[in-house]
Amino acid sequence: MEITSRKNTAEQVLMIKETTDKIIENISRVIVGKKEIAELVLVALFCEGNVLMEDVPGVGKTMLAKATAKSLGCSFQRIQCTPDLLPSDVTGIQFYNQKTGTFEFRPGPIMTNIVLVDEINRATPRTQSALLEAMQEQQITVDMETVPLPRPFLLMATQNPIELEGTFPLPEAQLDRFLLRLRLGYPSEDEEATILTRFQQENPLDSLKSVTESKELLKLQRVCREIYTDESVRNYIVDIIRATREYADIKLGASPRASLGLHQAAQTLAAIRGRSYIIPDDVKYLAVPTLAHRVMAKTEARLRGHSTEDMIKEIISKVPVPVEETK
């Protein structure tokens, strides 16, 4: 029975790799030279996690979200955050229908498969907190009534790390609910030349077609949870998480939610890359985007220019990597 189960998982993993390869290739028709970022967005989607895109304006964050939604055949909504945005503008409202004499729910833009929360740090803390339930439990509560969100669900939020005037920094509780923090970065010289050529006559996003269905994604999500994790790799994840809590320049270490997120992300990355088991390199590859935004550096460390990304990289370099024993 176990052999059959492993064989079935291996076949399903091959299906995941083939599907994700097609999705990434399709997204690359619009987003030039960012296949690694597209891969990580799919990691978050299969984990039912959330993504924080922290980068300067104009590098393609919105285009990436739209291209992902189109490639997956998923519904897409955009929330433009401003200081006057209300929680009800996000979740929706209950209104009284005079014709029927009953209260009805009018859904907000959060009721979609992929939602882009643009410049999330420009929304007030009250509105930011309205997203917490959706991000963690894939549901919202309106007037004491709980409404499940569509599946699959992915929240992609953007914020500009440079312009801080008129912004409300995300609290640690909300940052901890983002599975990954990603940065697109500027394109290379060749990539930027390709962008000019590709967008010269028309926007390739307009003609982008879906390469899979949302129903198929739900099946693949379940397979990712079945990816095998050896005890040594599981202990490796625990050692990394505990090291963030003991690191001298870190005031607030990674939470148990972070260890769960790192484990699930490693399972999904292994499946996307065609393996039915996790290797330590999966954990190392995901450590910075999964953990750097979840830890808080001490003030003196920030003044020295010691970023949380540097701290996580240093921790990874010091935590012993499990190796296969030879007989």
Q) When segment 138-155 is examined, which residues are found to be out of contact with any Pro (no Cβ under 9 Å at 6 or more places or on another chain) and either surrounded by fewer than 15 Cβ atoms within 10 Å (Cβ to Cβ) or not assigned by TED's automatic domain parsing to the domain that holds D89 (or both)? A) T141, D143, M144, E145, T146, P148, R151
Q.
Exactly one of these conditions fails for L205: (1) part of a helix (DSSP H, G or I); (2) within 19 Å of E36 (Cβ to Cβ). Give me its number.
A. (2)
(Q) Given the condition without any contact (Cβ under 8 Å) to a residue 40 or more places away in the chain and either closer than 18 Å to K17 by Cα or assigned by TED's automatic domain parsing to the domain that holds E25 (or both), answer yes or no: does some residue in segment 258-272 qualify? (A) yes
**Q.** Residue list for segment 11-57, filter: charged (D, E, K, R) and at positive phi
**A.** E48
Q | Condition check for T158: touching a Ser or Thr at 6+ places or on another chain (Cβ under 9 Å) and modelled with pLDDT of 85 or more | A | yes
Q: Output yes when any residue across segment 44-51 is assigned to a helix (DSSP H, G or I), polar (S, T, N, Q) and closer than 20 Å to Q267 by Cβ, and no when none is.
A: no
Q: Report yes if some residue within segment 221-232 is of a type in the set (D, E, K, R), assigned to a helix (DSSP H, G or I) and within 23 Å of F153 (Cα to Cα); otherwise report no.
A: yes
Q. Listed residues L149, L170; which is of a type in the set (A, V, I, L, M, F, W, C), more than 23 Å from Q94 (Cα to Cα) and touching a strand residue (DSSP E or B) at 6+ places or on another chain (Cβ under 8 Å)?
A. L170
Q.
If I filter segment 283-307 down to residues being farther than 23 Å from S259 by Cα and either among the basic types (K, R) or in contact with a Pro (Cβ under 6 Å, 6 or more places away or on another chain) (or both), which single residue comes out as surrounded by the most Cβ atoms within 10 Å (Cβ to Cβ)?
A. R302
Q: Residues that are modelled with pLDDT under 90 and of a type in the set (D, E, K, R): find the strands (runs of 3 or more DSSP E) completely inside segment 64-141 holding 1 or more of those.
A: 102-107
Q. Which members of segment 167-220 meet the condition of being charged (D, E, K, R) and either within 25 Å of P83 (Cβ to Cβ) or in contact with an Asp or Glu (Cβ under 8 Å, 6 or more places away or on another chain) (or both)?
A. E172, D176, R177, R181, R183
Q) Do we have S71 as over 20 Å from L180 (Cα atoms), polar (S, T, N, Q), buried (at least 17 other Cβ atoms within 10 Å of the Cβ) and out of contact with any strand residue (DSSP E or B) (no Cβ under 6 Å at 6 or more places or on another chain) here? A) yes
Q. Is it the case that some residue within segment 94-106 is within 25 Å of D176 (Cβ to Cβ) and not charged (D, E, K, R)?
A. no
Q: Return a yes/no flag: does segment 35-44 have any residue that is under 12 Å from V115 (Cβ atoms), within 15 Å of the chain's Cα centre (by Cα) and in contact (Cβ under 8 Å) with a residue 12 or more places away in the chain.
A: no
Q.
Would you confirm, using the coordinates I've provided, whether T158 is touching a residue at least 24 places away in the same chain (Cβ under 8 Å), in a helix (DSSP H, G or I) and either touching an Asp or Glu at 6+ places or on another chain (Cβ under 8 Å) or not assigned by TED's automatic domain parsing to the domain that holds L64 (or both)?
A. no
**Q.** Residue that is surrounded by the fewest Cβ atoms within 10 Å (Cβ to Cβ) [pool: residues in segment 239-254 that are free of Cβ contacts under 8 Å to residues at least 60 places away in the same chain and outside any loop (DSSP other than H, G, I, E, B)]
**A.** E246
Q) Given I250, I237, which one is at pLDDT below 95 and of a type in the set (V, I, T)? A) I250
Q: Scan segment 209-218 residue by residue and report those that are in contact (Cβ under 8 Å) with a residue 60 or more places away in the chain and within 22 Å of the chain's Cα centre (by Cα).
A: S210, V211, T212, E213, S214, E216, L217, L218
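The values are calculated or read from the model by the stated rules, or taken from the named source; none is laboratory data. This structure is a prediction, so every number in the text was calculated from the model and none was measured. Positions of Cβ are generated from backbone atoms using ideal geometry, with glycine treated the same way; all protein chains shown enter the neighbour counts.
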